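Just below is one structure, and these are the notes that go with it.
No value in this document is a laboratory result; all are computed from the given coordinates. For clarity, every value in this text was computed on a predicted model and none was experimentally measured. Neighbour counts are summed over all protein chains in view; Cβ atoms, including those assigned to glycine, are modelled from backbone coordinates with ideal geometry.
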Amino acid sequence: MVQHVEWLIDIPESVNVSIDGAKIGVEGPKGKLERDFHLHNIKIEKIDKDKTIRVFAPHAYKKEKATMGTVSSHLRNMIKGVSEGFEYKMKIIYAHFPMNVKLDGKKLVISNFIGEKSPRKANIVGDVEVKVSGEFVTINGINKEEVGQTAANIELATRVRRRDTRVFQDGIYLFEKDGDPV
């Protein structure tokens, strides 16, 4: 069934949104993000004296409706990122061998993980700031995807292999996203 569907996204006062065809730029107090949305039937425009973004499709089928929801979620995340930022918190947990975690440029180096001689490394993606303090790792950034990918890289770097995971539960685990427990 073909129908007209639209999503409306409010723009806060401190955020400036620029639309140039399929390229969207969002600038706020924390920084600037740009993203390219090359979509066939979906249109993005500013309305209400540039206080609202309208994502719409004149003739939307099921696939276009789903894509419009995805695009509007990306735009909301971009607006939240440049105005508030994203913060993920992780906890270093060990029971057998004390783990040493330190930053080395764009890598997080985890040494003495389950007594291993060679250190494990996790990549820090994009323009993300990582802090290690005691048993906590804090990841901050304005791009939600980069912050989430960095957290995933850290968790994957401390995945237990070739041991009983019921006994060896050591690792670095995500426990909080933007103040909400996971």
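The C-alpha atoms of the chain define a longest principal axis, and helix 144-157 lies at about 20 degrees to it.
A straight line joining the Cα centroids of the stretch 136-155 and the stretch 1-49 runs 25 Å. Each Cα pair under 8 Å and six or more residues apart adds its sequence gap; the mean of these over the residue count of the stretch 1-122 is a relative contact order of 23 percent. Each label was represented as a point 7 Å from its Cα along the Cα-to-Cβ direction; for A22 and E6 these points are 2.3 nm apart.
Among the lysines of the stretch 3-83, pairs at least eight places apart or on separate chains and with Cα atoms under 21 Å apart come to 20.
Per-residue packing, averaged as other Cβ atoms within 10 Å, sorts the ranges 102-111, 87-96 into the order 87-96, 102-111, beginning with the highest. Extension gain for K117 to T165 (0.36 nm times residue separation, less C-alpha to C-alpha distance): 15.3 nm. The listed peptides 74-83, 16-25, ordered by packing as a protection proxy, come out as 74-83, 16-25 (highest mean of other Cβ atoms within 10 Å first).
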